[in-house]
Every structure is written in structure tokens, then in C-alpha cells.
1. I want to check the label-to-label distance for residue 143 and residue 314. Put each point 7 Å from Cα in the C-beta direction and report it in nm to one decimal.
2. Wrap a convex hull around the Cα atoms of the chain, take a quarter of its surface area, and give that in square nanometres.
3. Okay, helix-only estimate at 222 nm for the chain: each DSSP H run of n ≥ 4 adds -39500 (n - 2.57), divide by all residues, round to 500 deg cm²/dmol; what do you get?
4. Taking 51 Å as R0, compute the FRET efficiency from the Cβ-Cβ separation of residue 98 and residue 296 and round it to 0.05.
5. For the range 212-324, what are the per-bin percents of Cα-Cα distances with bins 5 Å wide, up to the bin holding the maximum?
6. Restricting to Cα atoms and excluding each atom paired with itself, what does the Kirkwood estimate give for the range 96-244 in Å?
7. What share of all Cα pairs of the range 31-122, in percent, falls into each consecutive 10 Å distance bin?
8. Once you put a point 7 Å from the Cα of residue 135 and another 7 Å from the Cα of residue 237, both along the Cβ direction, what distance in nm separates them?
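Read-outs throughout are calculated quantities, based only on the coordinates presented, and are distinct from any laboratory measurement. Predicted, not measured: the structure shown is a model, and the values here were computed from it. Neighbour counts run over all protein chains shown; Cβ positions are idealised from the backbone, glycine included.
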């Protein structure tokens, strides 16, 4: 048994893998296991992984027979994890050399802690920026959940293995449902703390969440999965209501994607996306009107779906015109 199990899901990340793996093999905390799951890469990622594994017996390489997505790959790795604590590292990211030791030290000092957040540095092509969070030493699970709804705190952390095994990665969707896992882990934690170890989070336009794809509509189903899990865990009703407000904003944001980028999708994909938006609007419009909130134009539930669509067309068309005239 190791102190920490690190899950690395890999898909066509050959150009970044050496930096990622070097940051793990060079950790000041030596008692770790590195579980790398190759999700059917078509580049030479697997060769790189096997080369590192041949030189460091802490690295385990698992090759999947077919591509299943990041959440599935991490869950496969989780099944092999034997550490007291678990964290993930994306194949294009890397840690500071003391990151894992810093997090474990917090767990050792505070046994009731369920999750420890890393300090995060966002790495862009031309600059690096520290992720700004509220100044805190400790949060309750409920406080961490609320702050995570708008990502005032991020989702890059180490978690106790028993929490992670009870709540594996949400595989509802190929994208976006990993946000759910983060929030569920926070809810399940007695307390959430932070450490000084740094997670270097690479930002690039090649990532799946930045591309124009029909998978963008997965966000809606991922949000619904999160709501079901919150209800199953008997989360306080005010927190559920707050999350529904968040879901409504996400639905509007997804409609903006449909409005602005629909031309980049096929006819079938556009139809699917519109049907998903309509379905979610139907489940939420009455509830949001009942909230008694004064919504600004563009965010109002509206009495009917055609009226809602007219509002969105006007709102995003005007936004586009104003943006071009600046």
C-alpha cells in the first residue's frame, strides 16, 4: 500500500507526457504509485508510458481495448489504486516537486479532512496566472460545494481513498460530468482544506471543452446527473435550489453555444442540440418562474418555448452586434 495513488488518464498526449511523468517521478514524497491508463492513443503515448514504467517500478501502465473517455479511464485506474489518498493528474499537466507531500501533510495534521486543494497555476502559451480563490484555511463540505458551483474554488485536489471509492468518477457523459465528482467529494468531506503544492494546469485550444462539438450539449445531462446525486445524498434544499439556479445559467450558456456555433454542426447535431435545450427548458421553466427572481432580459424563463427562443435570438444577436461595434 502506498500513501498516494495518482491517476493519469492518457489519450494522444505524447508531446506533454514526459513533463507530466517527470513531475511525478521527481516528487519529494517517494511512497506513491502512478497508475497510467492509456485510452487507446493513436500516437506514441503508450511507448512513452512503457519506457517510464521500465525505469520506475512505481508506474503501472494499463492499456484499454477501446476509447472510453477520461472519466472511464480514471475509474479503471481507481480500481487498481491502493493508496491512502487519491489524486488525478491530466497527461498534459504537471505538479510542483513537493505537491503530493504538501497535501499529505495537511491530511496528517487534520484527520477529519476529506479533500485537500492544490494551489493552481494556469499555464497559457504566453503567460502563467495563479487561480484566485477566497482566502480560507478550512471549509465545510457544504461551503465547498457552494463555492464550487461557480468555481470560486477549483476542482484539483487530493481526496481520501475511501471517499473516492464510494464516489467514483461520474460517467454519465464523455465530457463535463467530472465536475460532478468534484462536488460530490466535497459534500462527502468532513472538511476541505488547501495546501501550497502547485498543480500546473495547461490551457490550450486543442482541449475537448474548447472545440465546437455536439458533445457540448452533454453539459445539460451532466448537470441533471449532479442534481440526482445531490438529492440521493439528502443535500440541504437551499443548496439544491442554488444548484438549480446554476443549471439554469448553464442552460442559457449552452443556448449561446447553439446560437453562435450551430453552423459548425451537422443538421442532425443541431436538431439534437435544440431538442436537448427544449427538454431541459421544459423541466426548469415553471420552477424558475416560481422562484420569484427578477431575471434580466436573455435569462427570463418566458411563458412558452417559442417566446423563450425569440428572447434568446434577440439577446445573443444584440450581444454579437455590440461586440462587433466595439
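1. With each label point 7 Å from Cα toward Cβ, the separation is 4.3 nm.
2. Orientation-averaged projected area of the Cα hull: 18.1 nm².
3. Taken over the chain, the calculation gives -14500 deg cm²/dmol.
4. FRET efficiency, residue 98 to residue 296: 0.65.
5. 2, 11, 21, 22, 20, 13, 7, 3, 1, 0
6. 16.3
7. All Cα pairs considered, the percentages come to 13, 43, 34, 9, 1.
8. Each label point is offset 7 Å from its Cα along the Cβ direction, giving 3.8 nm.
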